[in-house]
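The values are calculated or read from the model by the stated rules, or taken from the named source; none is laboratory data. Predicted model, so just to flag it, every value in this text is computed and none were measured. In this analysis, Cβ positions are derived from the backbone assuming ideal geometry, glycine residues included, and neighbour counts consider all displayed protein chains. In case anyone asks, the SASA skips ligands and DNA or RNA and just uses the protein heavy atoms, side chains included. Shrake-Rupley method; radii C 1.70, N 1.55, O 1.52, S 1.80 Å.
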Amino acid sequence: MIIALDGPSAAGKGTLARRLAGHYRLALLDTGLIYRAVAARTLADDSDLPERERAIAAARSLRADDLARPGLREEGVGAMASKVAAIPEVRLHLVDFQKNFAKHPPDGKAGAILDGRDIGTVICPNADVKIFLTASEEARAERRFQELRTGGSDTIKARVLADMRERDARDSARSAAPLVPAADAFVLDTTALSADQVFDRVVAHVDAVRATRNS
Ligand code: C5P
């Protein structure tokens with residue numbers, strides 16, 4: 001089984017993806033981490049090349065180890081990730097790795113869940129189940145703010161909201177694989193839902209899809 005999970009930042013994809021992976025015993029790929037790793041390498045490259053060229057070179061030579069770099073979750077890396085993710089050549093270099101993960105899930109797993117922005121539309125257009133999680137801007141900013149505070153970061157809510165708006169606008173407006181729900185995605189607004197409620201609704205949907213397939 002392949003599950004494609006997409007949505008804007010801080011909609012709850014990460015938590016849901018981990019729980020679904022455990023529940024259905026699927027391999028999990030957080031594809032945002034791949035763009036973050038390219039961003040971190042681009043930022044660390046102090047050559048005189050223009051940013052675009054540095055980003056393409058970073059994507060071309062990305063290795064699995066790069067996904068374990070420290071600091072990938074930082075806000076500055078996230079902002080840079082959304083810049084490099086808008087470059088079509090960068091995306092092109094990262095497609096095979098993601099498709100291959102879905103086709104041959106590691107650790108002997110029988111299926112995979114990939115979370116990101118273009119999984120249901122570009123990476124796994126034939127996924128068995130497509131989910132698009134969304135939530136109001138305020139709810140997402142509040143969640144991100146709480147996450148950052150828990151992680152010890154000293155930040156203000158207005159700044160978090162402004163950064164998130166900028167990143168989402170860039171992800172939605174770009175011409176290369178923009179953030180849009182696939183036509184056949186199950187769209188769930190999580191604004192007023194707890195993580196448990198989101199999980200229960202998605203599991204009910206996945207089980208219903210599987211039951212129709214098997215009947
Ligand atoms: O999900 P996360 O916040 O880690 O993603 C960082 C950035 O990577 C996003 O803002 C988006 O620009 C980019 N991304 C993407 N396609 C994906 C996953 C992430 O363009 N499948």
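Checking region 145-159 against the condition returns no match, with no residue being under 24 Å from Arg210 (Cβ atoms) and open to solvent by 70 Å² or more (accessible area, probe 1.4 Å). Looking only at residues of region 78-133 that are within 17 Å of the chain's Cα centre (by Cα) and among the acidic types (Asp, Glu), we find that the one that is farthest from Leu20 (Cα to Cα) is Asp96. In this entry, Arg41 is excluded by the filter for residues that are among the basic types (Lys, Arg), on the phi < 0 side of the Ramachandran plot and open to solvent by less than 30 Å² (accessible area, probe 1.4 Å).
Those helices (runs of 4 or more DSSP H) of region 42-131 in which 2 or more residues are touching a Ser or Thr at 6+ places or on another chain (Cβ under 9 Å) and away from the ligand (no atom under 13 Å from the Cβ) occupy 51-60.
Screening region 157-215 for residues that are assigned to a helix (DSSP H, G or I) and of a type in the set (Ser, Thr, Tyr) and picking the one that is nearest to Ala127 (Cα to Cα) gives Thr212. Can we say Asp200 is at pLDDT 95 or above, more than 17 Å from the chain's Cα centre (by Cα) and open to solvent by 40 Å² or more (accessible area, probe 1.4 Å)? For Asp200, the condition - at pLDDT 95 or above, more than 17 Å from the chain's Cα centre (by Cα) and open to solvent by 40 Å² or more (accessible area, probe 1.4 Å) - is met.
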